[in-house]
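What follows is calculated from the coordinates using simple rules that are stated; it is not laboratory data. Not measured: the values here are computed from a predicted model. Because the Cβ atoms are built from the backbone with ideal geometry, glycine has one as well, and the counts that use them run over all protein chains shown.
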Amino acid sequence: MSVADRITGLAIIVLGVAYWRAASALPKPLLQQAVGPEVFPHLIAGALVVLGTVLAIGPLLRRAAGWPARPTEAELEGPPDVAAILAVLAGLALYTFLYERVGFILSTVLFMAGEIAVLEVDRRRWPWALPVVLLLPVALYLLFVTLLGVTLPAGILG
Amino acid sequence: MRNTLRSSSRAALGVVAVLAVLVATALGASAEWAPKGNVSWMAGAGPGSGWDTTARAALQAMTAHKVLKHPVTVVNKPGGAGAIAVAEMVNQHKGKDDVILVTSLPLITNKIMGTSPYGYKNLTPIVRLAATHYLVAVPANSDIKDFKDLIARLRKDPKSVSIGGSTPPADDWAAAMAVFGGAGLDVTKLKFIGYDGAQVAGALLGGHIQAAVNTVGEFAQHVEAGKMKPLATTGPEREPKFQSVPTVKESGVDVVFMNWRGFVGPPGMPKEALAYWQQKFGETVKTQTWEDLRARYSWADAFMADGFDRFLAENDRLMSDILKNAGVFKKK
Amino acid sequence: MTDFFANLVTGFGIAVTPMNLVYAFIGCLVGTLIGVLPGIGSVTTVALLIPITFGMNPTSGLILMAGVYYGAMYGGSTTSILANIPGESSAVVTTLDGHPMAKQGRAGAALATAAIGSFVAGTIATAGLMFLAPSLASVAIRFGPAEYFSLMLLGLTAVSALGGRSVVKSLISMCLGLLLGTVGLDMGGFPRFNFGVVELYEGVDFIIPAIGLFAFGEALDQAAVVRRKQMTHFEFKGRAWLTREEFRKSTAPWLRGSVLGFLVGVLPGAGATIASFFSYALERRMSRHPEEFGKGAIEGVAGPEAANNASVGGAMVPLLTLGIPGSGTTAILLGAFMMFGLQPGPLLFQKNPDVIWALIASMYIGNVMLLVLNLPLIRLFVKLIDVRPAVLVAAVLVLSTVGVYATNGRTFDLWLALGFGVLGYLARRADFPPAPLILALVLERSMEDNFRRATTLSDGSLTIFVSRPISAAILVLCVLSLFSPYLQSWFLSRRSARGEPAIGRS
């Protein structure tokens, strides 16, 4: 994973530099203090730059020292099911988009149905999931809104 | 599992019954305007916060004395020190008559500091319900004799006494700035240590700071227990609890400082709705329950309906001065 | 001493009325059930109950709320173990070994060790509260800004125990947490790094990265393999109880966690999260098999769960004796006391001894009830999640979403959590541990604020951290904690060289 580490390391360095600059631009605080609001962020930014550098050149050092590269857990597991991951992410994004627009119950039913359709390979099992897909959202809504008084979006059903 | 659901639904019935729903009873004067359905009282912070407590206390008094004939729900909209709730009032509830917001000093300070785009001018002031006064205190064994002594020491060397309060721009901090700024001190030179809420009492008791400014309510018990020495209070008159403690004004610094609590409506709230709530809150503050709750939370009686808008304008000027002295408009 | 027991007997006399027992039971039950829901932590649960207790007499009302507080603290562990959803910041560590245990079919054992640990901890902490409250309170106020800063720093050293095979990656995760911690209203009066976004004005609530990194990350991880491996079920089933071996392994962590949690809980502002992280780090250091941590070590569940429950009893000390709430939940409880017309603080024990002793008695009772209630529930919970993996992944995502949304009621937080979910998944693939980020996020504010208070008080001099004895002692602990793995292996190698048995046999 030395390529991924190198890219991550560079990204961390960039983040550190940007964070340093944002910290330098903070307005003057209303409390007169020995240590102002920019000091901790500067320390953290400095640490990020150093750690990013170590991460980026670490594999090179290790190779130079003749140590074997360590496989990550991911490499041991093999390539992921990218389609499934993207489907879950797209589903979550759509779910979030619809959350307040159509309301909790409807968007949740849709989301669960979609996720199960993607992840459950055995189509004969689909009907069995139906009660959960229909009942869980309603039960959660009743539990949170009626019993606990916590607001969940009612949406077009409300 | 069935059992568990049953008992929690019983608990929920409790909520519904006690908190929100007031059973409508037959009313005599049908000509009088009243909200039609459920009314929302918004609080810009979570349950248990100061705003939430204010709203629920007022509601408790109204419920106990049957002031209202329609249901009220307290809705918590936390975020941005109340700025999110204010923005929702302005943007989503314009002209409505069934939603009002409980608020206090941050309505003013957020606008001045630029952390909220909207201020009191964007809303419809309804009533000021109560006020909180502040207490300047030192540990019981402190050699600071009285308020004048404290000011004299600070005048000689502003860093000689470390003072604790809340972090700016919250109320305890503003109170301290008003008091010490009013005494002619350069507040930017003070050794002022900001704490989160109640932690300041611990810091003073533990001797980590030498003086502190906090609400009368929070310090009262420590004074009664003999652990703190009260120097002065910031209200217009002496506190009922501390008749022997002079006000800041009596001690030679011409400052009265309070945090107010009140309700505002959305922009363009109908006149009859405004009149309705002013009258209902007017009835509420006369109830025994409200009196008791006020005493419990150490809120001073400060009801004001007409003229609340003028008070807010005045408060806005006062806070602008305080924040300016503390350096808000420098380097921005 | 006889005073204590006379008072306690009086307390039990008040608490043990049929009605109050019912309240204690309802409190524990409702607390557990609500605590299971992510996003509804103990703070919200207790706050929601305040209106219900309006009409009650103070004793019954407080008994109900204490039950809820305990129940919620315990309930938070359930979703951590079963679904990798940490509903409270103190339950984050529980996921580290609790969820791996569940995946190995030891969910029942993980839940049981949490339940018994909570009982042991609650009982020990209540005893601590009863005997030590006044004297501990006077120690607690000696903690000033310098001491708190050093303590938070010590908390941060726990990062070294939070897994990850690469020190650099653990430290990067920690620094990202610190960075997130600086977002929001600064003690100087202005918001920092919120880029004008009003939703970020008060900072990033820990629940958003916690659910994003842990729950979403885990769900994505499962989604990545569910189809390819043709999984029909997870190996969640198994016994709903501890084996003799597991019980033996849990005993010492329960006791250590209880004492540690109680002492940390006494300090206002330190609280349950630090207690649970401390306990995890301690257990890993004490263990003869530190390499098992993160892969289902029962000690990694037993210790932190005991610690976070014991911190509840600890947090009652400054609340009852000084009127200073040390945590979000005790701040709400303070409000509840006020509502009943009671003022917690130096005068409470003199003015209302009956209420206090009844409360203490009810805390003992509540603990017993919690245990009796939860052991049977474990069986139910374990059964509940034995569904098809696809259904479980979907349900976990829905529950996590509710948890995030319910905290502030806005979809902004959901988008943010989704971003953390992606980050969490990528981080997992690249071996970045997420726990240091959460720990650092929770500690940053207090650490920075206290550093700034201390240096302002000392006019900019750093000697304040070493010239104050308590602070200096904590800093020595920091150094020891950082180097203890090396010291330990050095000692072990010396002992084994001399043919002595290894230490740590309990």
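Some values worked out for this structure:
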item	result
Range of Cα positions in the range C:334-438 per principal axis (Å), largest first	58, 35, 28
Span from the the range A:1-64 Cα centroid across to the the range B:254-294 one, whole angstrom	51 Å
The protein assembly as shown: projected area of the alpha-carbon convex hull, averaged over directions, in nm²	40.8 nm²
Peptide-level mean, for C:170-179, of C-beta atoms on other protein chains within 10 Å	6
Charge tally in the Cβ shell below 12 Å around B:GLY268, where Lys, Arg are +1 and Asp, Glu are -1, B:GLY268 excluded	+2
Relative contact order (%) - criterion: Cα under 8 Å, at least six apart; region: chain C	28 percent
Peptide B:165-171 - average C-beta neighbours from other chains (10 Å radius)	4
Chain B - percent relative contact order, Cα under 8 Å, separation 6 or more	24 percent
Other protein chain Cβ atoms within 10 Å, averaged over every residue that makes up C:129-140	1
Virtual paramagnetic centre 7 Å along Cα→Cβ of C:LYS229, amide N under 16 Å, in the range C:409-432	C:429
B:ASP292-C:LYS383 pseudo-label distance in nm [points 7 Å out on the Cα-to-Cβ vector]	4.7 nm
Environment charge of C:ALA210, counting only residues whose C-beta is closer than 14 Å and scoring Lys/Arg +1, Asp/Glu -1	-4
Estimated FRET transfer efficiency (B:LYS36, C:VAL167; beta-carbon r; R0 51 Å; 0.05)	0.20
Calculated Rg and Dmax of the range B:215-275 using C-alpha coordinates, Å	17.4, 52
Unit Cα scatterers, Debye sum, the range A:82-157: log10 I(q)/I(0) for q = 0.22 Å⁻¹	-1.00
Efficiency of FRET between A:LEU43 and A:ALA4 - r from beta-carbon atoms, R0 30 angstrom, step 0.05	0.65
Label zone at B:LYS189, where the point sits 7 Å out along the Cα-to-Cβ direction: the range B:242-262 residues whose backbone N lies under 20 Å	B:253-254
Filter on B:LYS249/B:LYS280; B:LYS156/B:LYS249; C:LYS249/C:LYS383; B:LYS191/B:LYS249 - keep pairs with C-alpha separation over 31 Å	B:LYS249/B:LYS280
Surface/4 estimate of mean projected area, convex hull on alpha-carbon atoms of chain C, nm²	25.1 nm²
Label-to-label distance, nm, for residues given as B:GLU237 and C:VAL16 (7 Å Cα→Cβ offset)	5.2 nm
The range B:153-306 - percent relative contact order, Cα under 8 Å, separation 6 or more	19 percent
Label-point separation, A:ALA117 to C:TYR486 (7 Å along Cα→Cβ), nm	5.9 nm
Size of the range C:205-361 as Cα extents on the principal axes (Å, biggest first)	66, 34, 27
Euclidean distance between Cα centres, the range C:396-430 to the range C:1-35, Å	38 Å
Geometric extent, Cα atoms of chain B - Rg, Dmax (angstrom)	21.5, 71
Proximal aspartates and glutamates relative to B:LYS241, as straight alpha-carbon distance under 20 Å, when same-chain residues fewer than 8 apart are discounted	B:ASP146, B:ASP172, B:GLU218, B:GLU224, B:GLU250, B:GLU291, B:ASP292, B:ASP301
Pairwise Cα inverse-distance average, inverted: Kirkwood Rh of the range B:132-233 (Å)	13.1 Å
